[in-house]
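Right, one structure below, let's go through it.
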Amino acid sequence: MKRLEDIKGLEALRKKLEKKTFTEGSKRVHACCGTACMATGAKGAIESIERTAAENKIDVEVVKTGCQGLCQKGPVMVFEPTGYFYQKVKPRDAEKMVEYSLKQDIPYRQSLYRKDYLSQPVEKMEDIPFYSKQVRIALRNNGRIDPENISHYIAVGGYAALEKALGGMSPDNVLDEVDKANLRGRGGAGFPAGRKWWHTLSSGGDVKFVIANGDEGDPGAFMDRSIMEGDPHSLIEGMLLCAYAIRARYGLIYVRHEYPLAVKNLGIAISQANELGLLGDNILGSGLSFTIDIREGAGAFVCGESTALVASMEGDRGFPRVRPPRLSEHGGGVWGYPSNLNNIETFVCVPPIIEKGSDWFRSIGTENSPGTKVFALTGKVKNTGLVEVPMGITLREVIYDIGGGILDDKAFKAVQTGGPSGGCIPKQHLDIKVDFDSLWSVGSMMGSGGMVVVDEDTCMVDMAKFFLAFTQSESCGKCPPCRLGTHHMLQILERITSGSGTMEDLDELERLGKLVEKTSLCGLGQGAPLPVLSTLKYFRQEYEEHVNDKYCSAGVCKGLGVYVVDHDQCILCGLCVDACAFDAVKETRDSYFIDLDYCTRCKACLGVCQPKAIKVFRNTKEAFEQKV
C-alpha cells in the first residue's frame, strides 16, 4: 500500500478495504492463534484445514486471529459464513470440519461446544454462555482480524477515531472527551486517564512521552498480553490519540521479555504503521509527528510500578522512587521529561470513546466505573479464559454464568481479585458488583484484572502464603517495610502451615500487615499484605485451626493432622508402603496401618492412594469416632 498523505487518503483506503477484505458470504476460518491455543495444537489444526481445503479445491481464507477468550476449550475457531464455533480442534477433526462446514454448509457436531458430554451442542459463538454476557470494547477485534495485517484493522474501522480527531477535533476536544468519559486506569489504581493527560499537558515543554505499560506480572493474568498479541494497532491508535491530545512526539511500549509473540506482533504493527504514514513525521498531513519504540523488560514484577518502569527503560535497575516529582512533571518522567503512562487496556479503550463519544462509553457500566473490564478468569472454574464484562456485573455472574461454575461441581470458597496484591473475597460477597469502589469496600481491588477462583479443597492460609511468597521474592528491597516486613510475615505463615504457629502469631501477622500496607514506598509493598489481611478477616477460623488443632481441613499443609488407613476402602495395593520414606506404613496379615510415631505427615501416601483410603483427621479421637 502507498503511503497516505492526508485524511482523505485514509478514508478512501478504508472504503476500499471494507469491500474486499471481509466479503460477505465468503468462506473463512477465524482460527485462534493466541498463546494458549498455539500451545494446545492450533498450528497443526490450521495446517490440516489448509491442506484439506486445497485437496478439495475449496477457496477458503484462514484468518489467524488473536485470543478468542475461551482458553479452556482451545484450540477454538469460527467457520464463516455459517458462523459455526468449534472447540478443542484436532487435525483429524479439522479435516471433517472442512468437509462438513465448507463443502456442505452443515455443522460437524462432534467438535461443537458442549457444556458437558450429555448436553446438546451449541452452534454459534454468541449463544454460548461464556460469550453471551460479555461486552467487548478493549477486545473488540480479538478473534476478528489477523494482527499481522494492517488492512484487516482498517477494514473493521481501525484508525477511524484518529481520522475523526485529526479531521475535526482540536487536541483539547480529544482530551475533553476522554475526561468526560471518566475512563479510569485499567492497570489497577483506577485513576482517571483524562486527569492524568491534563496534568502531563499542563507541565509544558516541547518534549513529552506517551508510555504504554505492558509489564503484566500478576500470576495467572494475561489481559494485556492478549491485546498486544491479537490487536496491536488498537494500542498504537490509542497512543496516537493521547499524543495528539497532550502534544507529545515520542512513544514507548514497555513489554516483558517473556511475551515474545506480543513483542513480535507489536514490531510488525509499528513497521506497517510507519510505512503507511500513520506514524512518523506530519501524520496524514496534520502536523502531528509521533514515533513509537518498544522497550523489553526483564520480567521484574516491581517494574509494573510507574517509577520503577521508567528506571528500567532508562537502563537502570527497576527501583521505585519517592514522588513528587510525578511522571507527568518535569524531572519525573523518562529521562526527566513529562511522561503520560497508562496500561495497555486503558489505551485501547480510547479509540471507541473518540469515535462513539463519551456518553456512549458512560452508558456502559456504573456511574463511577463506566465501561468494561477485561479479566483473566482462572483457577477452579470450568471455563477459564479471557472475559470482558461491563462494570457492575456481579462476581456470581462472572463465575457461574460466564465461567460455568466450579470444577467437578464442588463448593465455591473464595475468589482472589487484583493479582498477588489483591484480596480474597468469600462466598458471602458473591453478589457484590465488580467495580473499583465495590471491590475496595470488601478488602480487595480491581488490579489489572486477575481473577483466581478457589474451591472447598483450597487452604486459605496456604493460598495467602503463596501470594505473599511471590511478592516477597519480587520485592526490590529498597524500602525496609516491604523488604523486612514481608519477610517476617512469610516466616510466620510458614510456621503456621507447618504446625508450629501460636495465637500470638496471628496478632503479629495483622500488625505487620497493616504496617507494611501504610509505610511501603510503592504499590507493590502497599498491596503485598492484602491476601493475608483479607484471609485473616474472612477465614480466621482456618488460621486458628492450624494453630490450635494442628490441622488443615483442606489437607494441603504438610506436617498437620493424623493419618489413618480406612480399611473399608483399602484395596491392599501397597503403593503407600512404597511411597513412605520413613517406614511409617506397616503391613499386617490382612491390612495396613500407619504408625504415628514414625509418620511425618509428608502426604506421600496420600498422593499415591488411588481409592482415597488414607484419611486425615484432627486427632485419633476424631478418627475413632468416624470408625476408621
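Some notes on this structure:
- Mean projected area in nm² (Cα convex hull; one quarter of hull surface) for the chain: 30.9 nm²
- For Cys552, the residues 5 or more places off, or on other chains, whose built amide H falls under 5 Å of its own are Gly561.
- The chain: angle of helix 480-497 to the longest principal axis, Cα-based, in degrees nearest 10: 40 degrees
- Local charge for Arg618 was computed over the other residues whose Cβ lies under 15 Å away, with Lys and Arg +1 and Asp and Glu -1, and equals -2.
- FRET efficiency, Asp431 to Glu11 (Cβ-Cβ, R0 45 Å, nearest 0.05): 0.40
- Paramagnetic reach from Lys88 (point 7 Å along Cα→Cβ, amide N under 15 Å) across the stretch 106-142: 109-122
- Comparing Cys476, Gly527, Ile492 along the charge dipole axis of the stretch 460-549, the residue lying farthest to the positive side is Cys476, per the Cβ-charge model.
- Computed from the C-beta positions of Ser26 and Ala189, the FRET efficiency with R₀ = 45 Å rounds to 0.50.
- If R0 is taken as 22 Å, the Cβ-Cβ distance between Glu126 and Asp293 corresponds to a FRET efficiency of 0.05.
- Overall form of the stretch 418-486 per C-alpha gyration tensor (a/c, 1.5; a/b vs b/c): oblate
- Checking every one of the GluC sites (Glu not before Pro) in the stretch 3-58 against DSSP loop status and a limit of 11 other Cβ atoms within 10 Å picks out Glu24.
- Taking amide hydrogens as placed 1.01 Å from N in the peptide plane, the amide H of Ile292 sits under 5 Å from those of Gly251, each at least 5 positions away in sequence or on another chain.
- Separation of the Lys57 and Arg249 label points, Cα + 7 Å toward Cβ, nm: 6.0 nm
- Relative to the current alpha-carbon distance between Ser473 and Asn173, full extension at 0.36 nm per residue lengthens the span by 103.5 nm.
- Amide H partners (placed H, <5 Å) of Arg28, local residues excluded: Glu61, Glu80
- If a spin label sat at a point 7 angstrom from the Cα of Lys180 along the line to its beta carbon, the backbone N atoms of the stretch 359-388 nearer than 14 Å would be those of 359-363.
- Acute angle (nearest 10 degrees) that the helix 232-246 long axis makes with the longest principal axis of the chain, alpha-carbon atoms: 60 degrees
- The sum of -39500 (n - 2.57) across all DSSP H runs of n ≥ 4, divided by the residue count of the chain, sets its helix-only mean residue ellipticity at 222 nm to -11000 deg cm²/dmol.
- Positive dipole terminus of the chain, leading residue within Pro121, Ile614, Val135 (C-beta point charges): Val135
- Rounded to whole Hz, the Karplus (6.51, -1.76, 1.60) HN-Hα couplings of the stretch 585-595, x for glycine and proline: 8, 9, 10, 10, 4, 10, 6, 10, 8, 9, 7
- Seen against the Cα atoms of the chain and their longest principal axis, helix 344-356 is set at about 40 degrees.
- Loop sites in the stretch 305-407: trypsin sites (Lys or Arg not before Pro), DSSP, at most 15 other Cβ within 10 Å: Arg317, Arg321
- The stretch 301-342: C-alpha gyration tensor shape, a/c 1.5 cut-off, then a/b vs b/c: prolate
- About its Cα centre, the dipole of the chain is roughly 640 debye, where the only charges are +1 on Lys and Arg Cβ and -1 on Asp and Glu Cβ.
- Whether the stretch 562-625 is rounded, prolate or oblate, judged on the alpha carbon gyration tensor where a/c under 1.5 counts as rounded: rounded
- Net charge over other residues, Cβ less than 13 angstrom from the Cβ of Val174 (K, R count +1; D, E count -1): -4
Any read-out appearing in this document is the output of simple, stated calculations on the displayed coordinates, not a laboratory observation. Quick caveat: nothing in here was measured; it's all calculated off a predicted structure. Cβ coordinates were reconstructed from backbone atoms using ideal geometry, including for glycine residues, and neighbour counts include every protein chain displayed.
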